[in-house]
Amino acid sequence: MHVFVVGLLLLVAAVLVFVVLAARSRRRKGAESAPQRRNRLIGLASAAAAAVLGVVLLGGSSVYAQDTGDASVIVSWTGDILGQEITPGLHVKAPWSEVKTFSVRNQQVVFAGSRAETDFTGGSATGPDITVQDSDGVTSNIDIAVRYSIRPDQVTTIYKQFRDETNFVSQFVTQDIRSTVRDAPNGFSTLDLITKRAELNTAIQKSLEQRWQGTGVTVDSVSLQQITPPASVTAAYAAAQNAQIKVSTEKNLLQAAQVSAQQQVVQAQAKAKANDTLNKSLTSNVLKQNYIDTLSKLAASGNVVVVPEGFGGIVNVK
């Protein structure tokens, strides 16, 4: 719009200069002096340059280029919406209309750390971490990153509400993200908030998707980066974890001792059973046969062992 105004003013100025110079030329009936001729030529040259520049500016204000990943709304000088454009390339418009561009690429909003305020860059934003309260009434700080995108066919609707991209991000996107992140932990206890990050991440994403349904804004991803509870809660949780580890260790040792004792009982039972079986198998015939086998082995080694009937000693005879 500003380019159009400047170009129009230059054209008007050039026309006025031409008219004035032509009027002066008609009033002079005699020959022009050298200074008069020089001044007239300078005026004509200046008017011609202004006219060319005005035409260029007017022509430039009638054409605009749109990048891939952008969508535009065409607005008249009175503020009326003339249409929208979602395809990249060069496009023609009325020179007095304006182009309001919105990015439909994947944008990111990050809330993390202790920044003093939220900064906006196009469709993206960064701000301080979000303070939340769980169902136990304990306050924690959450760092989170949300990626979103705008549906190209909904750019006009978004423009009607917010007029430009910065207002859209500051008044809608960031406010909704903060509100959703604050509400989600209300359904989690302090312990669950610490130990069930995946469930909390899913709850935030589903809630944000429902909140933005029908608005032309799509939730691409939610990344819960860090949960920082009070130091007292962290210390208590660490102590509980250490106690749990100790209990688990002692339980494992007890189970190992029980297993070892059971193994010893089983081994003793097996040995007793084996001895009992052996004792039952040692009949008089078996013992006599073992006696004979032993004498045979001694005789095979070159010795003769004579054991008289009823004699308790051993006599070696060579």
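Close amide H contacts of Phe188 (hydrogens built in the peptide plane, cut-off under 5 Å, sequence separation of 5 or more or a different chain): Ser135.
Semi-axes of the equivalent ellipsoid for the range 17-159, computed as √(5λ) from the eigenvalues of its C-alpha gyration tensor and ordered from largest down, come to 59, 20, 12 Å. The separation of the range 74-97 from the range 172-218, counted between C-alpha centres, amounts to 37 Å.
Could you order the peptides 258-264, 45-51 from most to least packed, using the average number of other C-beta atoms within 10 Å per residue? Spell out each step's value before the answer.
Values: 258-264: 10.0, 45-51: 15.4.
Peptide ranking by packing, descending: 45-51, 258-264.
Sorting the segments 147-159, 116-128 by their mean number of nearby beta carbons within 10 angstrom, highest to lowest, gives 147-159, 116-128.
Please give the length that would be gained between Glu117 and Thr78 if that part of the chain were fully extended, namely 0.36 nm times their separation in residues minus their C-alpha to C-alpha distance (nm, one decimal). Could you put the intermediate results ahead of the total?
Values: separation 39, 0.36 × 39 = 14.04 nm, distance 3.45 nm.
Extra length available between Glu117 and Thr78 comes to 10.6 nm.
Quick note: the coordinates plus some simple rules give every number you see, no bench work behind them. What you are looking at is a predicted structure, and each value in this text was computed from that prediction instead of being measured. Don't worry about glycine lacking a Cβ; one is built from the backbone with ideal geometry, like all the others, and counts go over all protein chains shown.
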